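Derivation of every value follows stated rules applied to the coordinates shown; laboratory data play no part. Fair warning: this is a prediction, and the values are worked out from it, not measured in the lab. A quick note on method: Cβ atoms are made from the backbone with ideal geometry, for glycine too, and the neighbour counts reach across all protein chains shown.
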């Protein structure tokens, strides 16, 4: 059987593989540090493939760079042997929920998620540190050993996670922040689906940099918008201006596949009720004029200048039309003039939607008739509320309804002491305009007090459509002087989890009809590998050590199961069942897609019963089999009952 790798992919190797698929002649071999041959890229050959005139060396070119950018790229590509350990006691409805709450450094967590959620996340929202000089940023200097790390940073928590202050007096003020955010965005992009989108809340200090760094990662052509959000009012802080706004930078994975956003509809405008026809009883409005200003009358719009017959038989044209009219493509239009107006509809749309026209008599009509005189009517179009809700309106890129105080006020009502929370209404609005579908995954890897999870639960309850979330947060300790610490919350993760629990309970109370609403979450915690060092580097250990147990003594069978799920690319929210077969504990994931047994002394009966269920994967420990006879018959049993099952050992 093949050994389970238990290490995320080395993205450099993956990139070499992709280049090799495009340019096989650019592949070569070299000896690595251990003197063994490995595949490499012939960069001189690749340059010849890409261009006749290569920009290289000291030649000037447009680029965005900073000290340590190469190291930031290396961090994003480097593999990790870390794992995620389940924590049932802190979870809610662990066995049935599809939601994940993950504690740990988000760079390492994102790398692990890349194994299971590559191209599966529909939307990412993050609210990273704004780099105001007081915030903390992550220290990703993984070249140092732990003692050097602690010595150099001077700050670390009980779990060993590193946080360092970044005051404005720091000569690497922007560099440190860029080194923190770049690898995380680079890995996060891999998680997005091809039609996925990312929203990044950011302050003025790093707005310019986050736009450039996102353009570097996603491509400038995939920038969707920069939204200005009114964050606070009545502030008199600042030097020259009172800061009142922050920003939301929006990038698509592939903007050509991103569906247009759907804004909210002002229902108060739809005051009339249809009295007959197919739309009888439906709300509508009829106060939107059919004509509009021509954007550039000299470059088209011919099919938006035509006569419309009024109820009295007169023929109407938009205002400003020059005479005499002429017949073009079956409709009468006037000579083009830069001051002309046009109908909002094309000629084809007019014939298709004539039933939606409303003629209102008026003495101040801007329209003209066929003789060039002022018309007796103005023309409006009907718009039905139900239909408009489906199509929506394009959202503006200035948002003034989501000030920060709303977030703080809500947490105060929930009796959760946390001062820095985005309003639920903000995230809820983003979820609405993106128009997510059932089962879509939303990721927030700077989840803080878990506003994104709260908003998603609210949206799911409001429209009865279960989407899933993944929250990721470093277990950053709360200050001992803070109200949160005094209330018993020792770190931010405890605040986030408790908020989701309370929010889920309240939302269920407010929506008793939403019986299938998933308000649970499965807690996973980042930790070092479940395996001893000998598992990864057997050549470095003596013969005696090679026969020691390669699994750390404090790890459970469920710990091993989740590390196996990561390795095999199985979603971490997958259904898990614990069974007993011939007296041995057998884990079944996704209705038998993966079956695993980590017990000792496994006999032929257990192996046979598992094989009869035809799992796609079967995993066990390398020391699990009861005796040599079972080992001798192992492959024969699988060949007889389920020869296509992929077998792996730990």
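Structure values in brief
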quantity: Rounded if a/c under 1.5, otherwise prolate or oblate - the stretch 370-490, Cα gyration tensor axes; calculated: prolate
quantity: Calculated FRET efficiency for the pair residue 312/residue 400, C-beta based, R₀ 51 Å, to 0.05; calculated: 0.65
quantity: Label-to-label distance, nm, for residues given as residue 502 and residue 612 (7 Å Cα→Cβ offset); calculated: 5.2
quantity: Estimated inter-spin distance, residue 47 and residue 412, nm [label 7 Å along Cα→Cβ]; calculated: 6.3
quantity: FRET efficiency, residue 264 to residue 17 (Cβ-Cβ, R0 45 Å, nearest 0.05); calculated: 0.50
quantity: Pair residue 389, residue 438: separation of 7 Å Cα→Cβ label points (nm); calculated: 1.8
quantity: Prolate/oblate/rounded call for the stretch 541-649, Cα gyration tensor, a/c under 1.5 rounded; calculated: oblate
quantity: Computed E for residue 355/residue 255 - FRET, C-beta separation, R0 56 angstrom, nearest 0.05; calculated: 0.95
quantity: Length-normalised contact order for the stretch 465-527 - Cα pairs under 8 Å, 6+ apart - percent; calculated: 24
quantity: Rg over Rh, two decimals, the stretch 606-650 (C-alpha only, Kirkwood Rh); calculated: 0.92
quantity: Potential extension, residue 70-residue 364 segment - 0.36 nm per residue separation minus Cα distance; calculated: 99.1 nm
quantity: Peptides ranked, highest mean first, by Cβ atoms within 10 Å: ranges 472-479, 236-243; calculated: 472-479, 236-243
quantity: Label-zone membership for the stretch 379-420, site residue 476, 7 angstrom Cα→C-beta point, backbone N under 17 Å; calculated: 408, 417-420
